[in-house]
1. For segment 130-166, which residues satisfy the criterion of being within 27 Å of ASN101 (Cα to Cα) and of a type in the set (A, V, I, L, M, F, W, C)?
2. In segment 45-83, which residues are modelled with pLDDT under 95, crowded, with 17+ Cβ neighbours inside 10 Å and among the small types (Gly, Ala, Ser)?
3. Of all residues being part of a loop (DSSP other than H, G, I, E, B) and either modelled with pLDDT of 95 or more or closer than 17 Å to SER128 by Cα (or both) in segment 1-17, which is farthest from the chain's Cα centre (by Cα)? Just the residue, please.
4. Inspect all residues belonging to segment 258-278 and state whether any of them is touching a residue at least 60 places away in the same chain (Cβ under 8 Å), within 18 Å of the chain's Cα centre (by Cα) and crowded, with 17+ Cβ neighbours inside 10 Å.
5. Right, ASP115: outside any helix (DSSP H, G or I) and within 10 Å of PRO220 (Cβ to Cβ) or not?
6. It is to be established whether one or more residues within segment 91-99 are crowded, with 17+ Cβ neighbours inside 10 Å and assigned to a helix (DSSP H, G or I).
7. Is there any pair linking a residue in segment 26-47 that is within 24 Å of GLU13 (Cα to Cα) to one that is part of a helix (DSSP H, G or I) and not charged (D, E, K, R), with Cβ under 9 Å and at least six apart or on different chains, and which?
8. So how many residues does segment 128-146 have that are in contact (Cβ under 8 Å) with a residue 12 or more places away in the chain and either in a loop (DSSP other than H, G, I, E, B) or in contact with a Lys or Arg (Cβ under 9 Å, 6 or more places away or on another chain) (or both)?
Amino acid sequence: MKSSQQRCPITYEPIGPGQRYSLAGLKRLAPGLLNLHDLPYSAEEQLVEAGRRSSKMSIQGVQPKLSARLSIKSGVFELVDQGGTYILKPPHPQYSFLPQNEDLCMRLAAAFKIDVPLHGLIYAADGSLTYFIRRFDRYGRAGKRMLEDFAQLSGLSRETKYDSSMERVVTVIDEHCTFPILEKIKLFRRLLFCYIAGNEDMHLKNFSLLGIAGTIILSPAYDMVSTALFYGEDAEELALPLRGKKKHLTKNDLLHYFAKDRLGLSPAVIKEIVAELEQVLPVWAETISASFLPESSKEALQALIGRRAETLVK
């Protein structure tokens, strides 16, 4: 298999010598895009810009972020304070390969039929990789959709975003969603994914409801990161407790208590989703291998997924 340096960071498909992106990757961003220049900021310069512009960002968080729009004519992402349609996340000074980690996890989630926005990796001025994701609360030239995270909906704040539970997440869906049972199926997939992939930081700010076409639904997934690669498997398995615990979760906790008793999913639906999980594991293995993570992280993530998946599908 070709190394990550010979692959398109938007599609992961092989590319020729001297190429930065595949044509399919460029077309994924915009049908008329023929070339994409490097982001004209180094990783360090992006962090400086993120700090300088943070008060103007409508989306806050611990991870440095930049608002941007894509200029098809110039073939470059441009930083903006208002009207941005993309969020850029540069390399993190503390967590190695965070952009590569998040991009990979979002791909794995999509393969498991979890709705995710357009996302990928782009090269910066110093050759580093920056993660991009298209905003799903914006459309057209200036259209905005209603978006509220579960902390807001629970009357909590950024400081208290962990002061809840997965059971409370279900209650928020019941109280606000147009068709709760459909959103509960989505939530079940996300919980299984977060557990298996080691995403231990899905707090209330990382769940949102989106208003679209007259309905209230779970927003596409975002901030999917395998934090276990940073903290190790001895850390908590979930950010929000399930059945009063955040680690040492069992098949009974996830499939019987949460899916059947709390979400009200039928045994047939639960069985089908678990079967789909088992079927997607080889696809995940190929995607991890083709990703831009270092080899040691690829091996660690693959091993983690194997161990945790075994507890559910055996």
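1. Of everything in segment 130-166, those that are within 27 Å of ASN101 (Cα to Cα) and of a type in the set (A, V, I, L, M, F, W, C) turn out to be PHE132, ILE133, PHE136, LEU147, PHE150, ALA151, MET166.
2. ALA50
3. So in segment 1-17, the residues part of a loop (DSSP other than H, G, I, E, B) come out as 1-3, 8-13, 15-17.
Applying the additional criterion that residues be either modelled with pLDDT of 95 or more or closer than 17 Å to SER128 by Cα (or both) yields 3, 8-13, 15.
On the way: SER3: 23, CYS8: 19, PRO9: 16, ILE10: 15, THR11: 16, TYR12: 17, GLU13: 20, ILE15: 25 Å.
The extreme case among them is ILE15.
4. yes
5. Details: outside any helix (DSSP H, G or I): yes; within 10 Å of PRO220 (Cβ to Cβ): yes.
When the stated conditions are applied, ASP115 passes them.
6. Residues of segment 91-99 that are crowded, with 17+ Cβ neighbours inside 10 Å, as a first pass: 91-92, 97-99.
Checking the rest, the ones that are also assigned to a helix (DSSP H, G or I) come to 98-99.
Checked segment 91-99: at least one residue is crowded, with 17+ Cβ neighbours inside 10 Å and assigned to a helix (DSSP H, G or I).
7. As it stands, the answer is LEU33/LEU26; LEU34/LEU23; LEU34/LEU26; ASN35/LEU26; LEU36/GLY25; LEU36/LEU26; LEU36/LEU29; LEU39/GLN46, since those pairs meet every condition given.
8. First, pick out the residues of segment 128-146 that are in contact (Cβ under 8 Å) with a residue 12 or more places away in the chain: 128-138, 142, 145-146.
Restricting the remaining residues to those that are either in a loop (DSSP other than H, G, I, E, B) or in contact with a Lys or Arg (Cβ under 9 Å, 6 or more places away or on another chain) (or both) gives 128, 130-133, 135-138, 142, 145-146.
Qualifying residue count for the region: 12.
The values are calculated or read from the model by the stated rules, or taken from the named source; none is laboratory data. Computed from a prediction, not measured in an experiment: that's the story for all the values here. Counting neighbours? That spans all protein chains shown, and the Cβs are built from the backbone with ideal geometry, glycine included.
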